[in-house]
1. Assuming A357 fulfils every condition listed in (1) in a helix (DSSP H, G or I); (2) closer than 24 Å to Q277 by Cβ apart from one, which condition is it?
2. For a quick check of your reading: which helices (runs of 4 or more DSSP H) sit entirely within region 13-110 and have at least 2 residues that are free of Cβ contacts under 8 Å to residues at least 24 places away in the same chain and among the hydroxyl-bearing types (S, T, Y)?
3. Considering only helices (runs of 4 or more DSSP H) fully contained in region 113-200, which possess at least 2 residues that are within 30 Å of A348 (Cβ to Cβ) and either more than 16 Å from the chain's Cα centre (by Cα) or modelled with pLDDT of 85 or more (or both)?
4. Does I401 qualify as being within 18 Å of T180 (Cα to Cα) and either touching a helix residue (DSSP H, G or I) at 6+ places or on another chain (Cβ under 7 Å) or surrounded by fewer than 21 Cβ atoms within 10 Å (Cβ to Cβ) (or both)?
5. Would you mind stating whether A335 is closer than 30 Å to S136 by Cβ, modelled with pLDDT of 85 or more, aliphatic (A, V, I, L, M) and not in a loop (DSSP other than H, G, I, E, B)?
6. Tell me yes or no: at least one residue of region 241-259 is polar (S, T, N, Q), more than 28 Å from V144 (Cα to Cα), at pLDDT below 85 and not in a helix (DSSP H, G or I).
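The values are calculated or read from the model by the stated rules, or taken from the named source; none is laboratory data. Source: prediction; values computed, not measured. Glycine also receives a Cβ, built like all others from the backbone with ideal geometry; neighbour counts cover every protein chain displayed.
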Amino acid sequence: MLNLIWTGFFIAGFISAIVQSFYLGNSGIWNEITNHLFEAATNAFQLSLNLTGMLCLWLGLLKIAEKSGLTEIFAKALRPLFRIIMPEIPSNHPAIGSIVMNMAANMLGLDNAATPMGLKAMEQMQEINSHKDRASPAQIMFIVINASAITILPVSILMYRHLQGATNPAAVFIPILLATTCSTVAGFLAVAFTQKLNIFNRTILLYFIGILSIIGIISFYFCSLDDNQRIAYSETFGNALILSFIAVFLIFGLTKRINLYETFIDGAKEGFQIAVQIIPYLVAMLTAIAVIRYSGVLDGIVMLFTKLFALININTDFTPALSTALMKPLSGNGARAMMIETMQTYGADSFPAFVSATIQGSTETTFYVIALYFGAVKISKTGAALPCALFADLIGIIAAIIFSYLFYAGV
């Protein structure tokens, strides 16, 4: 499926360029697409280069956590759940610890820590994958949960709304949390359905209740703060967590009397190797995304949906935010740019800007996540990962629009 979509992006962009050039008189479209195509290839390499430092840092620290037994302690907390949703992973396998730490970092909005931990988890799962070019059921489940990860602290979105002059920047906090929860639950259920997992298992239900309770407590706490406090606390809490992670890793390593420096270097070397491996996959995906974006295909889809919703008498106030929705699965930077553009065009306190920000926080960048994680372990056959992740995106976007209508009235 990924092969067809990747090829389709280029073909759709090419057809769009022909239509615009010969029928709409926009001969400059060829130059625009080609320039952005080459720029995307360069950016893919630059992105991998920028990611190298973070990979080396966090994989070095993760190596310390593994050697000291800290990841095993984290793994014990969710081992009963993983026995059910990822049964092919042995209960004592180190991948479970890496998966748990990745999910925790994702939930707390620590992207620079979550990605290296996730890549490490993929490598560890690949060790027990009997078909090296095909995604295992556990890898598919992991990818879909990552691509729809619950984000409790959407710090960057709150800051962008603040910088654009929103009267109440943190008003999107609860809608985002609810929408991203819907996205993650939908992704999990989609994979569970394809893999025929028993979702009504008592263990799964207990973990779901526990996770949702934690989200509810955090939501209640942040709702009790005023708007400025939410932004300040979110940013401070996120940065404090990063340094706390590092301190805990090092202190725990000291108690186990391991050579922290040498262990860190061993892990950091793995980060450099992964960064090199993912370059071709990022180049392939980001160039295709550049073609589909700058050829005008996405703009055409937004116009089509707007006319369709108007035709069937559905309120179209949210449709200016669809550009963010269409871009979100493709490019994080592109979706962010669309969100900011919506704020600047309609006003930071407008309903389209509110919807756009909620959509931005509702899901992850699916195609980037799939290219990055599967590329790191050289998997070309991704199975149900992409359709399940896109389904989660769809549910997350629909939920974001619905919750925006419910909550915007109170802004």
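1. Of (1) in a helix (DSSP H, G or I); (2) closer than 24 Å to Q277 by Cβ, only one is false for A357: (2).
2. Working: elements: 29-68, 70-85, 94-107.
Correct list: 29-68.
3. Details: elements: 137-147, 155-163, 173-194.
Helices (runs of 4 or more DSSP H) meeting the threshold: 155-163, 173-194.
4. On the way: within 18 Å of T180 (Cα to Cα): yes; either touching a helix residue (DSSP H, G or I) at 6+ places or on another chain (Cβ under 7 Å) or surrounded by fewer than 21 Cβ atoms within 10 Å (Cβ to Cβ) (or both): yes.
Yes, satisfied.
5. On the way: closer than 30 Å to S136 by Cβ: yes; modelled with pLDDT of 85 or more: no; aliphatic (A, V, I, L, M): yes; not in a loop (DSSP other than H, G, I, E, B): yes.
For A335, the condition - closer than 30 Å to S136 by Cβ, modelled with pLDDT of 85 or more, aliphatic (A, V, I, L, M) and not in a loop (DSSP other than H, G, I, E, B) - is not met.
6. no
Conditions tested, residue by residue: (1) buried (at least 24 other Cβ atoms within 10 Å of the Cβ); (2) of a type in the set (F, W, Y); (3) closer than 22 Å to F193 by Cα; (4) touching a strand residue (DSSP E or B) at 6+ places or on another chain (Cβ under 7 Å).
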{"residue": "S68", "(1), (2), (3), (4)": "no, no, no, no"}
{"residue": "F74", "(1), (2), (3), (4)": "no, yes, no, no"}
{"residue": "A114", "(1), (2), (3), (4)": "no, no, no, no"}
{"residue": "L119", "(1), (2), (3), (4)": "yes, no, no, no"}
{"residue": "R134", "(1), (2), (3), (4)": "no, no, yes, yes"}
{"residue": "A149", "(1), (2), (3), (4)": "yes, no, yes, no"}
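One line per residue, one yes/no per condition, for (1) touching a residue at least 24 places away in the same chain (Cβ under 8 Å); (2) over 13 Å from the mean Cα position of the chain (by Cα); (3) within 20 Å of A290 (Cβ to Cβ):
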| position | (1), (2), (3) |
| --- | --- |
| F318 | yes, yes, no |
| G332 | yes, no, yes |
| M339 | yes, yes, yes |
| A353 | yes, yes, no |
| F367 | yes, no, yes |
| A371 | yes, no, yes |
| C388 | yes, yes, no |
